[in-house]
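Readers should treat all values here as calculations from the given coordinates under stated rules, not as data from a laboratory. What you see is a predicted model, and the numbers here were worked out from it, not measured in a lab. So basically every Cβ, Gly included, is an ideal-geometry build from the backbone, and we count neighbours across all protein chains shown.
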Amino acid sequence: MSKKIIRAVLPVIPTILLITCIVAAFAVQDWNVQGTIFGEENPLKKAEELLPFESGAETELLEDVDLKISEDRSKLIFEAVLHWPLNVPVTIKEMSAEVLLDGNAVNISLPSEVEIPAKGSKRLKLEGSLAEVEVPSQLSEEMPTPNIRNMKMTLNIRGIELEIGESGLGGVI
């Protein structure tokens, strides 16, 4: 072969390979565009796998919620069990909120990342310092229903990071 032929053919090889792979993919799927792009499964069936809700399943997202003050009265501790409804695992990278305590806002946050398996549950423990807040002596170690606002969290779902939080009057960012 001459150099001219090699110089003419060499740049075209990647394009020929790409076209061959695309044609082979369509041929394997009997020239079905939907089957080639989404695989053999019906895309609606795949979406149903990822959706959280099953008929008759009424599990709350958060339950067994508990807000208390540590024994040394230096920390505010918020504990709850989170039930993850989706068929994919999630990592809670960051989570924070403000708890109103006798008119003062106490910032609480998740000390480290938490991994929750697909359709699994995990106990979350958020903590915040009470160093700058006067804690009334009549407050017991266990307190009634918490008043929480400005909650923000960063989730990692299969490599996709999702930031969720309140914005203004109860909206979500």
Can you sort Ser74, Ser96 by how many other beta carbons sit within 10 Å, fewest first? Ser74, Ser96
Taking the highest mean first, how do the peptides 22-31, 86-95 order by number of other beta carbon atoms within 10 angstrom per residue? 86-95, 22-31
Between the modelled labels at Leu17 and Glu132 (7 Å from Cα along Cα→Cβ) the distance in nm is 5.9 nm
Return the Cα extents of the stretch 66-108 along principal axes one, two and three, sorted largest first, each rounded to a whole Å. 39, 19, 15
Summed side-chain charge close to Arg149 - residues other than Arg149 whose Cβ falls under 13 Å, Lys, Arg +1, Asp, Glu -1: -1
